[in-house]
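Let me begin by handing over the structure; questions about it come next.
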Amino acid sequence: MADSRFFKKAGPFTLKELAERCECELGSGADPDLVLEDVKGLDEAGSRDLTWAFIPSVRDSLKKSGAGACITSEKFVEYVPENMAVLLSKDPHRSYGLAAQLFYPESVEAFISPRAYIDETAVIGEGCRIEAGAFIGPHAELGKGCRIDANAVVGAGVKLGDGCIVGANASVSHCLAGNKVYIYPGARIGQDGFGFAMSVKGPVKVPQLGRVLIGDDVEIGANTTVDRGAMGDTEIGSGTRIDNLVQVAHNVKLGRCCVMVSQVGIAGSCEFGDFVVAAGQAGFAGHLKIGTGAQIGAQSGMMKDVPAGATVIGSPAMPHVDWMRLNVLQQKLIKETKKGN
């Protein structure tokens, strides 16, 4: 159950409203006028609550749940109690996310702390919230309804669209961002790339003269770093989700709706298509091209390009099927070796 000290609830909503706004259909016999007041888990939900079920491990909990209604799919309907209304969805996880957003919407109450520093040349949109210790640099621009949390830095010339959030102690420089961009606490956007020329006289710094360009509806996790381009720009496509503790080097280009899980490291000038998923701790050598829809397994070491739609894993990475076969052969070899001893 969401703690009211931290989360403000909206609603209530009728079952019909929820179906229309959460991409669902009313199940057989469901009362469209049923009023629901909150979203809760299967075990804690009551008759005025909406719950959800979309993985096999919750079947028993679903059978015993006292929720008033449940978002689920056709294959789980047989486990729903008789007195529970059903909202049928082709993608229950997505529909639950939309429902939770309705009950607990992100909201920004306009406020500018007297302890924030805002340069006189900065442009602040309507309804922004800027907390104590925040710094807004010269000629920076914030769209409508942005939130800049405590001690965050929005550097000179940075432009953020409407509804953006910069978390506590995060910093943004050399960046142009679209709408609904969420930069989580401690993230570093637009820093120098790791650029230097090696010589017998020692490394020589190469100025990083590019920017970071971020599309709409992007999230960049806590303590993640996105370096600006050396020449040209680093680009993060609309809809992309970057987890905590990810490194995105200079001139990397991520397509639309990519997902980079925690501790992924991407070396300079890699180019990703749309909807690429990289699992935790995957590492990418520089200048690689990763095709649209590719899936990269956890801890994979990427040394060469990956075609669109491929699934790879291992270090160095290989097709998933080959990796599975290799593991089977290794296990057989280990058994044979033990027998020999």
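Among all residue pairs at least 6 apart or on different chains, which show Cβ distances below 9 Å where the first residue, located in region 268-286, is under 20 Å from M231 (Cα atoms) and in a strand (DSSP E or B) and the second is open to solvent by 30 Å² or more (accessible area, probe 1.4 Å) and at pLDDT below 95?
That search, which allows pairs on different chains as well, returns nothing.
Quickly run through region 105-122 and pick out the residues that are assigned to a loop (DSSP other than H, G, I, E, B) and under 18 Å from G167 (Cβ atoms).
Selection gives E106, S107, V108, E109, S113, R115, A116.
For region 65-104, give me each residue that is over 30 Å from G145 (Cα atoms), of a type in the set (S, T, Y), assigned to a loop (DSSP other than H, G, I, E, B) and touching a residue at least 24 places away in the same chain (Cβ under 8 Å).
Correct list: S89 only.
On to the next question. Look at E37 and say whether it is open to solvent by 20 Å² or more (accessible area, probe 1.4 Å) and modelled with pLDDT of 95 or more.
Judged against the criteria, E37 is a match.
Checking R59 against (1) assigned to a helix (DSSP H, G or I); (2) at pLDDT below 95; (3) out of contact with any helix residue (DSSP H, G or I) (no Cβ under 7 Å at 6 or more places or on another chain), which single condition isn't satisfied?
Going through the list (1) assigned to a helix (DSSP H, G or I); (2) at pLDDT below 95; (3) out of contact with any helix residue (DSSP H, G or I) (no Cβ under 7 Å at 6 or more places or on another chain), R59 breaks only (3).
How do the strands (runs of 3 or more DSSP E) wholly within region 142-214 filter down when requiring 3 or more residues that are within 19 Å of V252 (Cα to Cα) and of a type in the set (D, E): which remain?
Once the strands (runs of 3 or more DSSP E) in region 142-214 are filtered for at least 3 residues that are within 19 Å of V252 (Cα to Cα) and of a type in the set (D, E), nothing remains.
Residues checked against (1) of a type in the set (A, V, I, L, M); (2) open to solvent by 40 Å² or more (accessible area, probe 1.4 Å):
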residue	(1), (2)
L209	yes, yes
A222	yes, no
T225	no, no
D243	no, yes
G286	no, no
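Output the number of residues of region 285-316 satisfying the condition of being touching a Ser or Thr at 6+ places or on another chain (Cβ under 9 Å), on the phi < 0 side of the Ramachandran plot and of a type outside the set (S, T, N, Q).
Selection size over region 285-316: 12.
The values are calculated or read from the model by the stated rules, or taken from the named source; none is laboratory data. Remember, it's a predicted structure, so these values are computed and weren't measured experimentally. Cβ coordinates were reconstructed from backbone atoms using ideal geometry, including for glycine residues, and neighbour counts include every protein chain displayed. Heavy atoms of the whole protein, side chains included, go into the accessibility calculation; ligands, DNA and RNA do not. Shrake-Rupley method; radii C 1.70, N 1.55, O 1.52, S 1.80 Å.
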